Every structure is written in structure tokens, then in C-alpha cells.
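The numbers here are math on the coordinates, done by the rules we state, and not lab data. All values reported here derive from a predicted model rather than from experimental measurement. Using ideal geometry, Cβ is built from the backbone for each residue, glycine included, and neighbour counts are taken over all protein chains shown.
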Amino acid sequence: MSLAYVVDDVFAEHRPPIGHPERPERIAAVRAAVAAAGLEARGQRLPTRAAGEDEIGRVHQPAYVDELIRLVPGHSGQLDADTFFSPGTWDATLKAAGAVIDLTRAVLDGQVQRGLALVRPPGHHAEADRAMGFCLINNVAVGAAAARALGAARVAIVDWDVHHGNGTQHIFEADPSVLFMSVHQYPYYPGTGAPTEIGVGAGRGATVNVGLPAGCGDVEYEAVFEQVFLPALRRFRPDLILISSGFDTYVADPLAAMRVTARGFRTMARALARVSDELCEGRLVCALEGGYDLTGLGHGAVAVLDAFAPAPGRPEPDADEPDGDQPDGDQPDGDQIGPDDHFSGMHQAVEYGSVAAAAQAAIDKTQAALDAAGGVLTP
Ligand SMILES: [Zn+2]
């Protein structure tokens, strides 16, 4: 068990206008939480490095990269309705992508098992030819392309940000060597991510979308992992798993309406750590995407750290539980209704029951779409 990570002050130097939710305080909150959890003793810090144009160019079109180089370095401005840049943005952007590449390389080389990229700006909305949704360069896509270039035959990307990872999906949707799986609030920004989006051409079956209704919590996310993501990973047998790790599913996040708690983050992170141990010698790289509640960001980052590199001398939380952490479907779990409202009455119970049913219906739609295409692609 070993971990490498990238943290750097440069990621606070990307400064959208005051009041923008994707703000430098996000990365400060993440760094404070993982530092308090003992990050430095639990992993090795890699130096930050700017990604090269050749590395970015594996997934972004040259005209777009040229446009960014012309507009962004040293300047302030705006690339779409909500994607801004400041004089420090270009350095942060290149180093966020470089961090994911270098952690991917360290994992594939066998120097470490896991990589943790605590970076911003985020990346998963960035398309091959344009910035979108706070994202300029698609960090995880650049990392997956680097993994392929380094010889990984199959790469899986799990995107648990509350928003659909449209950019990553579109970049790889025709590529059978990259499995892209997203669970997200749906319908919601950016509008894509329908269960019927399962990949195109040779990539048909290598894109998986679970669009959950608003109000889902830990139990619904666990069900997505148990019923869809983990079986798909076992079928695909990746050489490496990348996580597009947004924590905007958190119950208090201001930009979305899910109800995931710290417990849910721990369950999801542990599930991917275990399946990576089972399938690909533990090779797992996590890159920060969204998450706009500072407490939720801290909970999420520490959950990933604990799953990736359990604190020495301390048992993994819930390590005495039976393997799998399956929620008991017959046992209402008050923790999932909300953080402080276990017994707030029949109305809430009825509402929660309908959310659970709608979530299962969403999972069933994804399964039906994949079944119609012959299941997740096995190259
Ligand atoms: Zn998001």
C-alpha cells in the first residue's frame, strides 16, 4: 500500500471573480482537512509539473490549445458563461493536468499504488475543443490518454461528481479502450448523461451513465456501485482506474440537491480501492473535480485518503464489517434521509421512499440500455 499525491500553492492562484463558487478557498479547505488527517505521513508528495502541449494535445484540438495560449496566460477574462481566468490560471491549469499525468505514470511504473491529485481548476466538463463549466483542460482525460500512451491497454474512469462529465464522455465515447462511467443528478447541468448514452461506434458499451433524481443519498450511491459500477469494472478488467472526484453530491452543497454524507464518500472510495486491488494491483488515481461546500470537500478528501492509504496503526473505519458494505434493503437507514432529521415524520418517509424507488428506476434504465447493447464492452 503506497500513495503519492500532488498539492501545490499554484492551485490557489486560479482566481475567478469574487463570488464564483469555484474559488481558491476550496483547495485550502481540502489541504487543511488532509493535513489534519496526516497526509504527509501517509504518502509521498510528487513535484508539480506543467503538462506539455503534446500531452494536452492527445485529447484537446490544436486550435483550442492555441486559443488558450493566446488568451489565458497572464490575463483575466472569460471563456464561457461561467468559466473565467485570471493571471494565475494558466500555470494552475497546466500543473493540474501535469499532476494527473505524473501520478498516473507513478502508478503505472509501480512506484506507488495510488495517486491523489488535489488540484484546481477542475476538468471534466472541458470538451476537446472548448472550455465549459469552470473547466479549461480535461485533467482526467489527459491522464487517461497518458496512461494509454504509457502502455495501459484498458483504462476505466469513474466520475462521481454530481454533474455529468460531458467532456470526458465525448472525448472517449468512440474509444473501446477507455470505459467512462458517470453517476450524476439528472436531468441537471450540463444536460447530457442520459442512460441511453452508452458510447458510439467501436466504443458502444464503454460509456455508462446513471442519472439519479435529486435527493439521493448514501444508500442510492452505494446501490449504483454495487449494481452497476463494480460489475462493469469486473467485466472490463481495467489496468488502471481514474476517479473524477467531485464532492458536490454532499448534503450541504449549494450547487446541487443530493444528500451524500461523509459515510457515503468513504463507502464509494473504499469500494474502488477494493476493486482496484482485485482487478489491477491497486492502481487508482483520484483527481479533484467539483464540490462547493467547504466541509463536504474536507469530508470527501479525507474519505479518499483513508481508503487509499489507511492511517498506520489504525484499523480502516468499519474494517470489522462484512466485506461489501451492502446496505440492507429492508432496513430503513435514517442516516440516509438527512444528517439531522431521522424521525421528522411520515411526510419525509414517504418522500424518501419515492426517491429510493426513482433511484432504482434510474439504475434499471441504465441496465436496460447496456443490456440492449450487449453489456459493457469487453475488448
Ligand atoms: Zn460538479
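With a 10 Å Cβ neighbour count serving as the proxy for reagent exposure, in which order, fewest first, do 71, 46, 116 appear?
Details: 71 14, 46 22, 116 30.
With the fewest neighbours first, 71, 46, 116 line up as 71, 46, 116.
Would you pull out the residues with amide H under 5 Å of residue 285's amide H, same chain only if 5 or more places away, H placed 1.01 Å from N?
115, 241, 242, 243
How would you classify segment 1-123 from its alpha-carbon gyration tensor, with a ≥ b ≥ c the square roots of the eigenvalues: rounded for a/c under 1.5, else prolate if a/b is greater than b/c, otherwise oblate? Before the final figure, lay out the partial values.
Numbers: a/c = 2.82, a/b = 1.35, b/c = 2.08.
In terms of gyration-tensor shape, oblate.
If you take the square roots of the eigenvalues of the alpha-carbon gyration tensor of segment 274-313 and sort them as a ≥ b ≥ c, do you get rounded (a/c under 1.5), prolate (a/b over b/c) or oblate? Intermediate values should be presented prior to the final figure.
Details: a/c = 3.61, a/b = 1.64, b/c = 2.21.
Taking the square roots of the gyration eigenvalues as a ≥ b ≥ c, segment 274-313 is oblate.
Would you order 181, 132 from fewest to most other beta-carbon atoms within 10 Å of each residue's own beta-carbon?
Details: 181 27, 132 19.
Ascending number of Cβ neighbours within 10 Å: 132, 181.
Please give me the summed charge of the neighbours of residue 374: other residues whose Cβ is under 12 Å from its Cβ, Lys and Arg +1, Asp and Glu -1. Show your work: numbers first, answer last.
On the way: positive: 204, 235; negative: 371.
Within the 12 Å Cβ shell, the charges total +1.
Under a plain spin-label model, where a point goes 7 Å from the Cα along Cα-to-Cβ, how far apart in nm are residue 45 and residue 78?
3.6
Label segment 95-248 by shape, choosing from rounded, prolate and oblate, from the square roots a ≥ b ≥ c of the eigenvalues of the Cα gyration tensor; if a/c is under 1.5 it is rounded, and otherwise prolate applies when a/b is larger than b/c, oblate when it is not.
On the way: a/c = 1.41, a/b = 1.26, b/c = 1.12.
Since a/c stays below 1.5, the shape of segment 95-248 is classed as rounded.
Let me check against my output: what whole-number percent is the relative contact order of the chain, with C-alpha pairs under 8 Å and at least 6 apart?
Numbers: 847 pairs, mean separation 69.4, N = 379.
Averaging sequence separation for qualifying contacts and normalising by length gives 18 percent for the chain.
Can you tell me how much longer the chain between residue 354 and residue 153 gets when fully stretched, taken as 0.36 nm per residue apart minus their C-alpha distance, in nm with one decimal? Write down the numbers at each step before the final one.
Working: separation 201, 0.36 × 201 = 72.36 nm, distance 4.16 nm.
Full-extension gain reported as 68.2 nm.
Starting from the amide H of residue 88, placed 1.01 Å from N in the peptide plane, find each other amide H under 5 Å away whose residue is 5 or more places distant or on another chain.
Counting only residues 5 or more places away or on other chains, the set is 15.
Send over the per residue convex hull volume for the chain, Cα only, as a whole number of Å³.
127
Can you tell me which of 289, 67, 127 moves the most in a GNM of the chain? Springs connect C-alpha atoms under 10 Å apart.
67
Determine the sum of side-chain charges near residue 130: Lys and Arg each +1, Asp and Glu each -1, restricted to other residues whose C-beta is under 10 angstrom from that of residue 130. Please list the in-between numbers first.
Numbers: positive: none; negative: 67, 80, 127, 129.
Summing Lys and Arg as +1 and Asp and Glu as -1 gives -4.
Can you tell me the dipole magnitude for segment 103-226 around its Cα centre, using point charges on the Cβ only (Lys, Arg +1; Asp, Glu -1), in Debye to the nearest 20? List each step's numbers first, then the result.
Numbers: 7 positive and 12 negative charges, 89 e Å.
Computed charge dipole of segment 103-226: roughly 420 debye.
Along segment 296-312, what does the Karplus equation 6.51 cos²θ - 1.76 cosθ + 1.60 (θ = phi - 60°) give for ³J(HN,Hα), rounded to whole Hz, x for Gly and Pro?
x, 4, x, 4, x, 5, 5, 4, 5, 4, 5, 6, 7, 8, x, 4, x
Could you please rank 102, 248, 66, 129, placing first whichever residue has the fewest other Cβ atoms within 10 Å of its Cβ?
Working: 102 23, 248 26, 66 11, 129 14.
With the sparsest Cβ surroundings first, the list reads 66, 129, 102, 248.
First select every other residue whose beta carbon is under 13 angstrom from the beta carbon of residue 198; then total the charges, Lys and Arg +1, Asp and Glu -1. Walk me through the numbers on the way to the answer.
Values: positive: 204, 365; negative: 173, 197, 371.
Within the 13 Å Cβ shell, the charges total -1.
Just name one of 312, 144, 298: the one whose Cα is farthest towards the positive end of the charge dipole of the chain (beta-carbon charges, Lys/Arg +1, Asp/Glu -1).
The listed residue farthest towards the positive side: 144.
Whole-Hz ³J(HN,Hα) for each residue in segment 198-215, computed from phi via Karplus 6.51 cos²θ - 1.76 cosθ + 1.60 with θ = phi - 60°, x for glycine and proline: what do you get?
With coefficients 6.51, -1.76 and 1.60, one gets 10, x, 10, x, 5, x, 4, x, 10, 10, 10, 10, 10, x, 8, x, 4, x Hz.
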